[in-house]
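J.: Structure in structure tokens, see below.
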Amino acid sequence: MGVHSHLADGIKQQLDGLLAMKPGATRIGVLFNPENKTHLRLLELWKSSAAAKHVQVVEMRVTKAADLDAALKTALAEKTDLAIGLLGADTYAIRKEIAENAAKQRLPIVMDTPGSYTDMGGVATLGVDIVPLYREGAIKQMVPMLEGKRPSDLAWIGPGRISAKFNGEVVRSFGLTAD
């Protein structure tokens with residue numbers, strides 16, 4: 001019993017979402033923290049998912065906000081079409097700086113993490129929004145437990161697909177498509 005955010009085909013869904021935003025894209029940047037073991041694992045999954053669609057992943061290594069400028073310049077030099085920032089407390093903490101640098105350097109960066117990124121000037125978020133799942137868990141799990149059900153008798157609650165949120169003005173400024 002519990003709430004989880006794992007989505008087995010989440011990266012495939014995100015990749016499809018990025019390719020829908022920029023049809024014909026062949027180079028996708030993945031902004032990640034090389035000191036984050038989960039990011040390293042996800043990067044490998046991004047590479048294999050992208051290769052299956054004949055898309056190349058451009059690595060954008062960012063440990064702290066001060067690394068953003070160099071990562072974006074490298075991605076632009078490698079003709080990156082657009083990028084996604086991986087989920088994590090490290091990238092979440094600098095999401096405003098990511099949005100600002102993406103706008104300044106003219107490289108659209110979508111974030112995997114919901115949490116006001118689009119309100120901060122970011123182009124979009126494509127990922128699992130855990131908040132509605134917690135609300136569903138409160139209704140489908142907590143209430144039954146308060147009524148006497150055992151936690152082991154209750155099903156896990158998780159996502160069925162990613163959610164997308166777009167900043168229409170920023171999407172248009174980059175010439176992207178938002179569906």
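The values are calculated or read from the model by the stated rules, or taken from the named source; none is laboratory data. Note that the coordinates shown come from a computational prediction; the quantities given were computed from them, not determined experimentally. Neighbour counts run over all protein chains shown; Cβ positions are idealised from the backbone, glycine included. For the accessible areas, the whole protein counts, side chains as well, though only heavy atoms, and no ligand, DNA or RNA atoms are used. Shrake-Rupley method; radii C 1.70, N 1.55, O 1.52, S 1.80 Å.
J.: How much length is gained if the chain between A178 and R161 is pulled fully straight, taking 0.36 nm per residue apart and subtracting their Cα-Cα distance, in nm to one decimal?
T.: 4.4 nm
J.: What are the equivalent ellipsoid semi-axes of the stretch 1-67, built from the alpha-carbon gyration tensor (square roots of five times its eigenvalues), in whole angstrom, biggest first?
T.: 20, 19, 11
J.: Excluding ligands and nucleic acids, what accessible area in Å² is computed for T38 using a 1.4 Å probe, to the nearest 10?
T.: Estimated to the nearest 10 Å², T38 gives 70 Å².
J.: While we're on this one: What's the center-to-center distance, using Cα atoms, between the stretch 1-27 and the stretch 92-110 in Å?
T.: 19
J.: Provide the three semi-axes, in whole Å and in decreasing order, of the ellipsoid equivalent to the stretch 64-136 as defined by the square roots of 5 times the Cα gyration tensor eigenvalues.
T.: Working: eigenvalues 111, 27, 21 Å².
Equivalent ellipsoid of the stretch 64-136: 24, 12, 10 Å, largest first.
J.: Sticking with this structure for a sec: What angle do you read, to the nearest 10 degrees and between 0 and 90, between the alpha-carbon axis of helix 37-52 and the longest principal axis of the chain?
T.: Approximately 70 degrees, to the nearest ten.
J.: Quote the convex hull volume per residue of the chain, based on C-alpha atoms, as a whole number of Å³. Walk me through the numbers before you get to the answer.
T.: Working: hull volume 21.0 nm³, N = 179.
With only Cα atoms used, the chain gives 117 Å³ per residue.
J.: Please sort 131-140, 41-50 by packing, taking for each peptide the average over its residues of neighbouring beta carbons within 10 angstrom, highest first.
T.: 41-50, 131-140
J.: Springs between alpha-carbon pairs under 10 angstrom, Gaussian network model over the chain: which of G168, G127, G148 fluctuates most?
T.: Top of the fluctuation ranking is G148.
J.: Moving to a separate point now. So, taking all protein chains as they sit and a 1.4 Å probe, how much accessible area belongs to V57, in Å² rounded to tens?
T.: Per-residue accessible area (V57): approximately 20 Å².
J.: While we're looking at this one, here's another question. Looking at the stretch 107-153, I'd like the Rg to Rh ratio, where Rg is from alpha-carbon atoms and Rh is Kirkwood's inverse mean 1/r. Walk me through the intermediate numbers first.
T.: Working: Rg = 16.5 Å, Rh = 12.9 Å.
Result: Rg/Rh = 1.28.
J.: Another question about this same structure. Find the percent of Cα-Cα distances in the stretch 95-179 that exceed 21 Å, and round it to a whole number.
T.: Roughly 45 percent, once rounded to a whole number.
J.: At K53 and E169, where each label point lies 7 Å from the Cα along Cα→Cβ, what is the point-to-point distance in nanometres?
T.: Here the modelled spin labels are 2.9 nm apart.
J.: List the residues whose amide H sits under 5 Å from the amide H of M111, counting only those 5 or more places along or on another chain, with H placed 1.01 Å from N in the peptide plane.
T.: G85, A124, T125, L126
J.: Considering only protein heavy atoms and a 1.4 Å probe, what is the carbon-and-sulfur percentage of the accessible area of the stretch 12-81?
T.: 55
J.: Give me the dipole magnitude in Debye, nearest 20, for the stretch 1-149 about the Cα centre, with unit charges on the beta carbon: positive for Lys and Arg, negative for Asp and Glu. Provide the component values of the computation, followed by the final result.
T.: On the way: 18 positive and 17 negative charges, 43 e Å.
Computed about the Cα centre, the dipole is about 200 debye.
J.: Report the one residue of Q141, L176, V128 whose Cα lies farthest in the direction of the positive end of the charge dipole of the chain (charges on C-beta: Lys and Arg +1, Asp and Glu -1; origin at the Cα centre).
T.: L176
J.: Under 5 Å between amide H atoms, partner at least 5 residues away or on a different chain: which partners does Q56 have, H built in plane at 1.01 Å?
T.: Amide H to amide H, under 5 Å and 5 or more residues apart or across chains, Q56 pairs with R27, I28.
J.: Sticking with this structure for a sec: Would you kindly derive the ³J(HN,Hα) couplings of the stretch 136-153 from the backbone phi angles with the Karplus curve 6.51 cos²θ - 1.76 cosθ + 1.60 (θ = phi - 60°), listing them in order in whole Hz, with x for Gly and Pro?
T.: Those phi angles translate into 4, x, 4, 6, 8, 10, 5, 4, x, 5, 5, 8, x, 6, 7, x, 5, 8 Hz.
J.: With each run of n ≥ 4 DSSP H residues scored as -39500 (n - 2.57), what mean residue ellipticity at 222 nm is computed for the chain after dividing by its residue count and rounding to the nearest 500 deg cm²/dmol?
T.: Roughly -11500 deg cm²/dmol at 222 nm, from the helical runs in the chain.
J.: Now for a different question. Report the gain in length on full extension from K12 to M145: 0.36 nm times residue separation, minus Cα-Cα distance, nm rounded to one decimal.
T.: 44.4 nm
J.: Restricting attention to the stretch 76-117, which trypsin sites (Lys or Arg not before Pro) occupy a DSSP loop and are surrounded by at most 12 other Cβ atoms within 10 Å? Intermediate values should be presented prior to the final figure.
T.: Values: sites: K79, R95, K96, K104, R106; in loops: K79, R106.
Loop-located and lightly packed - K79, R106.
J.: Which value, in Å², gives the accessible area per residue of the stretch 32-179 when a 1.4 Å probe is used on the protein heavy atoms?
T.: So the stretch 32-179 comes to 54 Å² accessible per residue, rounded to a whole number.
J.: Still on this model: Write out the GluC sites (Glu not before Pro) in the stretch 63-126 meeting two conditions: DSSP loop, and at most 13 other Cβ atoms within 10 Å of their Cβ.
T.: E78
J.: For a Förster distance of 45 Å, can you work out the FRET efficiency between the beta-carbons of L76 and L133, rounded to the nearest 0.05? Each step should come with its number before you reach the end.
T.: Numbers: r = 36 Å, r/R0 = 0.80.
Given R0 = 45 Å and the Cβ-Cβ separation, E is 0.80.
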